[in-house]
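Peer 1: This is the structure I want to talk about, given as structure tokens.
The values are calculated or read from the model by the stated rules, or taken from the named source; none is laboratory data. No experiment lies behind these values; they were computed from the predicted model shown. Every residue, glycine as well, gets a Cβ built from its backbone with ideal geometry; the counts of neighbours run over all protein chains shown.
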Amino acid sequence: MDPRIRNLTPRSPPMITITTGLLAIILLALTLQDAFEVMLLPRAVQRQVRLVRYYYRASWAAWRAIARRLPAGHKREHFLGVYGALSMVTLFAAWAGSLIVGFGLLFWALRAETQTTLADHLYMSGVTFFTLGYGDMVPHSAFSRLLAVTEGGTGFGFIAVVIGYLPVLYQLFSRREAHVILLDARAGTPPTALGLFWRHPGQDGAIQINTVLRTWETWGAELLESHLSYPMLAYYRSQHENQSWLGVLAVIMDTCALLLVGRHAASPIQARMTFTMARQILTQMAQSFGLAPSRYTGGDRLDHAGFLQLKSNLAAAGLEFDDDVEEILAALRATYEPLLDGLAVYLMLPLPNWSANGGARDHWTRGPRGTLARRLVEELSEQDGGDVRTGTAFSNANRWRRLRARLRPD
């Protein structure tokens, strides 16, 4: 045999260190259980003692502390946007490292050869885990051979599961974000409840709002299932700074709340169904992160003066209210806004206002000739000679006259 090859053939009966062996077995069991629950078990795990839970709580707390030191804006948002993907890479590395250390401690606990050190056994464990097969350290005892085969199979299976896991994770993220982007054209940039009503006037608009709420009810069920099974998806942020899954959820709940307390052609039954699904998302996501409702009173998003302005704007969009509706709306808001605020503070995601931001342009209207595109679409999409925004009727001659006027440069 090549004298350069150090083998693990025992020269004396192995002196098994019970404490080290037990520690290695516990580390392996916890790591494998944690990886199985995260990557393969498609359901929420209620057990509090989980390595992944401690990992995300500690790493996210540190990441948020650094983010708060950055100026608000693009730099902070970009820094926060990196966390989701980076946390997965480091989590996989932590799992692999824990498995390598666990198997290495088991090899070392055998005391197979007095001339080998703990570092040697950790090296052999890493080579075996990644199935490199250098051959400079080889097992010869029956148990060490079995252990090496077990670790090699574990490493091969772990890498295969990780490769298959990532496409599933990003597919779920893409399905979530596709709906977030769709709301941009329907409710403005950033989306708001007022923007949704303003862009869907009249009877046809009410039908469209019902369709939107039904779609978002389905979206909510998919999000709840995916984010409870894979909570790390909540840390993945949207493409634009003024968009987020939590922000659009707030807009949908605001819309449902307005339909439930006001009089509109859209169905209050569909508003109730979508509202209940959205609130279930809030409650179960808050429980998943161990968050309690905040002491948020709602004044920042909609105070009394803001409500009066909102009421006037919504009346022009076809949504009418009774005189005492502000108190009823405040009671309904109190059932979900503290949960929204708690999640928003924890995830550092801004919540949209109730009223549209007049200074912001839609994403699709930006870039070369974006204003021209907006003007053409607004005029050409008018139905039966009616104005898309106010519902007023006018003749085709007036329509083309207004179109030519809009095409003139500002």
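Peer 1: Would you please name the residue that is nearest to M88 (Cα to Cα), looking only at residues in the stretch 137-166 that are among the small types (G, A, S) and at pLDDT below 85?
Peer 2: Restricting to residues being among the small types (G, A, S) and at pLDDT below 85, the top hit is S144.
Peer 1: If you scan the stretch 267-308, which residues turn out to be surrounded by fewer than 16 Cβ atoms within 10 Å (Cβ to Cβ) and assigned to a helix (DSSP H, G or I)?
Peer 2: Result: P268, I269, R272, T276, Q280, T283, Q284, Q287, H304, A305, G306, L308.
Peer 1: How many residues does the stretch 182-199 contain that are free of Cβ contacts under 8 Å to residues at least 40 places away in the same chain and surrounded by 23 or more Cβ atoms within 10 Å (Cβ to Cβ)?
Peer 2: 0
Here's the yes/no breakdown for (1) outside any helix (DSSP H, G or I); (2) more than 27 Å from the chain's Cα centre (by Cα); (3) among the aromatic types (F, W, Y); (4) within 30 Å of V138 (Cβ to Cβ):
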position: E151; (1), (2), (3), (4): no, yes, no, yes
position: L169; (1), (2), (3), (4): no, no, no, no
position: S174; (1), (2), (3), (4): no, no, no, no
position: A178; (1), (2), (3), (4): no, no, no, no
position: L182; (1), (2), (3), (4): no, no, no, no
position: A206; (1), (2), (3), (4): no, yes, no, no
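Peer 1: Could I ask something else about it? Among the helices (runs of 4 or more DSSP H) lying completely within the stretch 1-113, list those that include at least 1 residues that are at pLDDT below 95, acidic (D, E) and farther than 17 Å from E151 by Cβ.
Peer 2: The helices (runs of 4 or more DSSP H) meeting that bar are 18-39, 74-109.
Peer 1: Return only the number of the condition from (1) within 21 Å of A265 (Cβ to Cβ); (2) at pLDDT 75 or above that E327 does not satisfy.
Peer 2: (1)
Peer 1: Here is a follow-up. Please go through the stretch 282-305 and give me each residue that is β-branched (V, I, T) and under 23 Å from Y55 (Cα atoms), ordered by number.
Peer 2: T283
Peer 1: When you check R361 against the structure, is it of a type in the set (K, R), in contact (Cβ under 8 Å) with a residue 24 or more places away in the chain and surrounded by fewer than 16 Cβ atoms within 10 Å (Cβ to Cβ), yes or no?
Peer 2: Criteria met by R361.
Peer 1: In addition: Working only within the stretch 121-147, note down all residues that are without any contact (Cβ under 8 Å) to a residue 40 or more places away in the chain, in a helix (DSSP H, G or I) and farther than 10 Å from F103 by Cα.
Peer 2: Answer for the stretch 121-147, where residues must be without any contact (Cβ under 8 Å) to a residue 40 or more places away in the chain, in a helix (DSSP H, G or I) and farther than 10 Å from F103 by Cα: Y123, V127, A142, F143, R145, L146.
Peer 1: Okay, next question. Only one residue in E326, E320 is surrounded by fewer than 20 Cβ atoms within 10 Å (Cβ to Cβ) and in contact with a strand residue (DSSP E or B) (Cβ under 7 Å, 6 or more places away or on another chain). Which one?
Peer 2: E320
Peer 1: Which condition breaks for M88 when tested against (1) more than 18 Å from the chain's Cα centre (by Cα); (2) more than 15 Å from Q33 (Cα to Cα)?
Peer 2: With respect to (1) more than 18 Å from the chain's Cα centre (by Cα); (2) more than 15 Å from Q33 (Cα to Cα), M88 is out only on (1).
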